[in-house]
1. Sequence gap at least 6, Cα distance under 8 Å: using those rules, report the relative contact order of the stretch 42-104 to the nearest whole percent.
2. Would you please report the Å³ per residue occupied by the convex hull of the alpha carbon atoms in the chain?
3. What are the residues whose amide H is under 5 Å from the amide H of Gln202, where those residues sit 5 or more places off or on another chain and H is modelled from the backbone?
4. With each run of n ≥ 4 DSSP H residues scored as -39500 (n - 2.57), what mean residue ellipticity at 222 nm is computed for the chain after dividing by its residue count and rounding to the nearest 500 deg cm²/dmol?
5. What does the extension gain come out to for Asn345 and Glu14, with contour length at 0.36 nm per residue minus their alpha carbon separation?
6. Between exposed GluC sites (Glu not before Pro) in the chain, where DSSP calls loop and at most 13 other Cβ atoms lie within 10 Å, what's the longest gap?
7. Points 7 angstrom from Cα along the Cβ direction at Tyr169 and Val95: gap in nanometres?
8. Using DSSP to define loop residues, name the trypsin sites (Lys or Arg not before Pro) in the stretch 46-122 whose beta-carbon has at most 12 other beta-carbon atoms within 10 Å.
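Coordinate-derived values only; no laboratory data. Being a predicted model, the structure only gives us computed values, none of them experimental. Cβ atoms come from the backbone with ideal geometry, glycine included; neighbour counts cover every protein chain shown.
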Amino acid sequence: MVNDPRFLRAVHLEKTDCTPVWFMRQAGRYLEEYRRIRERHGLLDMFKNPEIAAEVTLQPLKAFPLDAAIIFADILLPLEAMGIELEFVEGEGPVIHNPVRTGGDVDALRVPDPEEHFGFLLTSIRWVRAELDGKVPLIGFGGGPFTLGSYMIEGGASRNYVLTKRLMYEQPASWNLLMDKLAVMLASYLLAQARSGAEVLQLFDSWAGCLSPADYREYVLPHTRKIFDALRQAGAPSIHFGTGTADLLPWMREAGGDVIGVDWRTNLDDAWNRIGTDVGIQGNLDPVTLMAPWPIVRQRAREVLDRAGGQPGHVFNLGHGILPATPVDNVRALVEFVHDYTSGNPESRIQNPELGT
Ligand code: CP3
């Protein structure tokens, strides 16, 4: 097997033959082969069955020449072992039946031992690593403390995070205890994934961008920093991702991460200037752009790559997860375009074979 460390080299800010590319949520409903399995199984059952989780993890790698795999799991899974009743409701997303609303609720949360409670995930990681056979690295992941805390408090997705911010402002001791329990859980959860074979660890603090810089600094940063400090002993590099984070970027960087993930609302070069070019950057094509005609996708992808300017440390990705309605042919053409354009072919006219454009 060819050993192709392009993604790991970029994460370490080393020069690469071309820019590595993978997609957040790359295993999912936009793939017909995923939908065929999903028709027959509930989501939680899929995550907890290592055979299915390993197969689904590898589906996008079989379809496209991606530079990394990400283990098929969900950021909300570890909450169950803390005492949260979690359900994925068809057409609605995650629902938590016993949301955390009081100091007593926070006190009652358990901090699970990963080997004891997440054996299914650690087994999936071992199996996928064996299957990948060194061809591309495997990413393990967890949710950021703010994002997980907000699901626990709101009971599901939220627009304004009113209950979350009220707990934060009105009961700071309970808030800090909640964040601390999540930070301790996440550090051990991510370290266990690294011990089982995850070579890079990503923290998805997807919704931290709803906070002002001052609130992020006061209520989240110290807890997130604790996680990244603990990850140093993993020997696996880390990626710190959020959306809507333009003015939070310097603070996210301070909290930790060898690579910072950014969404499309910030230009990649501006974002990189804000965090400093001594850390890597991941992103940042708008996932909805992938629904556009191919020439527009190619143009926007080229703009992202031009803003990165070939500087070592760029990992190409979308600015958020790939959406279910995404045309597969645009995904394939995009992966090929990123590789071709950045391997010294500035005139790359990679076409979408289906459309001939
Ligand atoms: O990237 C990958 O391929 C790995 C798998 C992965 C999933 N969830 C599987 C999943 C990852 C990295 C996640 C992260 C995740 N989960 C986040 C952070 C990233 C982000 O998108 O902000 C969040 C906020 C969640 C919580 C979550 N899980 C929501 C809001 C939903 C419902 C929305 C949706 O897309 O349906 C899920 C369900 C979920 N997790 C699916 C997948 C593939 C949908 C699957 C299905 O219904 O078949």
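1. RCO, the stretch 42-104: 23 percent.
2. On the way: hull volume 44.0 nm³, N = 357.
It is 123 Å³ per residue.
3. Correct list: Gly140, Phe141, Gly142, Ile239.
4. Values: 16 runs with 161 residues, N = 357.
Here the helix-only value at 222 nm equals -13500 deg cm²/dmol.
5. 117.1 nm
6. Within the chain, the longest run free of exposed GluC sites (Glu not before Pro) spans 93-346.
7. Output for this residue pair reads 3.0 nm.
8. Numbers: sites: Lys48, Lys62, Arg101, Arg110; in loops: Arg101, Arg110.
For trypsin sites (Lys or Arg not before Pro) across the stretch 46-122 that sit outside H, G, I, E and B with at most 12 neighbouring Cβ atoms in 10 Å, the list reads Arg110.
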